1. Among the residues of the stretch 263-300, how many are open to solvent by 20 Å² or more (accessible area, probe 1.4 Å), in contact with a helix residue (DSSP H, G or I) (Cβ under 7 Å, 6 or more places away or on another chain) and farther than 19 Å from Asn236 by Cβ?
2. Is it true that some residue in the stretch 25-48 is part of a helix (DSSP H, G or I), open to solvent by 40 Å² or more (accessible area, probe 1.4 Å) and at pLDDT below 95?
3. Checking the structure you have, find out if any residue of the stretch 67-83 is among the small types (Gly, Ala, Ser) and either under 10 Å from Tyr8 (Cβ atoms) or in contact with a Cys (Cβ under 6 Å, 6 or more places away or on another chain) (or both).
4. Would you point out the residue of the stretch 253-300, among those that are assigned to a helix (DSSP H, G or I) and small (Gly, Ala, Ser), that is nearest to Pro198 (Cα to Cα)?
5. Would you mind stating whether Ile87 is open to solvent by 20 Å² or more (accessible area, probe 1.4 Å) and within 16 Å of the ligand (Cβ to nearest atom)?
6. Just one of the numbered conditions (1) near the ligand (Cβ under 10 Å from one of its atoms); (2) open to solvent by 10 Å² or more (accessible area, probe 1.4 Å) is not true of Glu227; which one?
7. Of these, Ala138, Ala150, which one is within 20 Å of Leu106 (Cα to Cα) and either away from the ligand (no atom under 16 Å from the Cβ) or in contact (Cβ under 8 Å) with a residue 60 or more places away in the chain (or both)?
8. Picking from Phe52, Phe80, which residue would you name as being within 15 Å of the ligand (Cβ to nearest atom), part of a helix (DSSP H, G or I), aromatic (Phe, Trp, Tyr) and on the phi < 0 side of the Ramachandran plot?
Amino acid sequence: MEKHARIYIAGHRGLVGSAIIRRLRQDGYTNLLTATSQELDLRDQAAVRAFFEKERPDYVFLAAAKVGGILANSNFPADFIYQNLMIEANVIESARLAGIEKLLFLGSTCIYPKMAPQPLKEEYLLTAPLEPTNEWYAVAKIAGIKLCQAYQRQYGCKFISVMPTNLYGPEDNFDLESSHVMPALIRKFHQARQQGEPTVTVWGTGKPLREFLHVDDCADACLFLMEHYEGEEIVNIGVGSDLTIAELAELVKQAVGFEGEIVFDTSKPDGTPRKLVDVSRINALGWRAIIPIEEGIASTYRWFLENKA
Ligand code: GFB
């Protein structure tokens, strides 16, 4: 990507989009294109086509999506499947019509089967049933992957798909009902410390294993793949190691300085038992994550204190 290339970041206010913007600015890219959801409703086909025709971006990072944690995914299946399908289909088709140079689509590791062998290799896609708590979101993300692959085959478009593992960092959603586990725990431990509460409740059994990637590492990987990868196959982005939710809760407890007890609410779902990605493909291309989880939790907690507390 040339420094003056016109780069559209769809979803620039979200966790991933905002990290991609920070990174592009830091690297000296000057011609960044964004639109808020009030300015452009990505579910509106005519509006998205008109936007691409007028703005004519060279590169697109498709980070816009309806996202949420395990409870939001279970409670709002229609929103998760419909909104994501519309966003992907509209942006991808409009990008083709506008003749853009290249597009990077952000998927998710929940596209892999619930009981797939670990670590999750890219070729496990569509080999067995999905995790029920997020199958609606996963089906939409799989459709996005297939759109990119189909457009590569039929039209020769350079549309690539990447699958980041569970992400966290600045600009995350810290709402306890709809967030993912990392921001939820940061907020819960912080509030419990502030209010002198004796316990913090963690959902599920604490036994599920998750891998956590700092969003700045994810943005770095996205820029790297935009520059160096053109294949039809999906590419995982992760750190290559995981921990239990109970271990994560201990780390957040220490980072926040909470001294009470952790209690598990087993009436809440665990979700998929393990979700560790195989990172050999992206490692072989020459990329690896560098932000240790302890450092990432500490900096995310600082961001939370400065912006959300
Ligand atoms: O991050 P999370 O909501 O989503 O939950 P998934 C991960 C694990 O943390 C589950 C547990 O076992 C939760 O039960 N957990 C413990 C909590 N305490 C909490 C809490 O206070 N809040 C939340 N949210 N979880 C998501 C998918 O699955 O992964 C999305 O729903 C997406 O579609 C995302 O793919 C990456 O890791 O289970």
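The values are calculated or read from the model by the stated rules, or taken from the named source; none is laboratory data. A quick note: this is a predicted structure, and the numbers were derived from the prediction, not measured. Glycine also receives a Cβ, built like all others from the backbone with ideal geometry; neighbour counts cover every protein chain displayed. Areas reflect the complete protein model, heavy atoms only, side chains present, ligands, DNA and RNA absent. Shrake-Rupley method; radii C 1.70, N 1.55, O 1.52, S 1.80 Å.
1. Qualifying residue count for the region: 3.
2. No, the stretch 25-48 has no match at all.
3. The answer is no; no qualifying residue exists.
4. So the residue we want is Ala255.
5. Here the answer is no, as Ile87 does not meet what is asked.
6. (1)
7. Answer to the selection: Ala150.
8. Phe80
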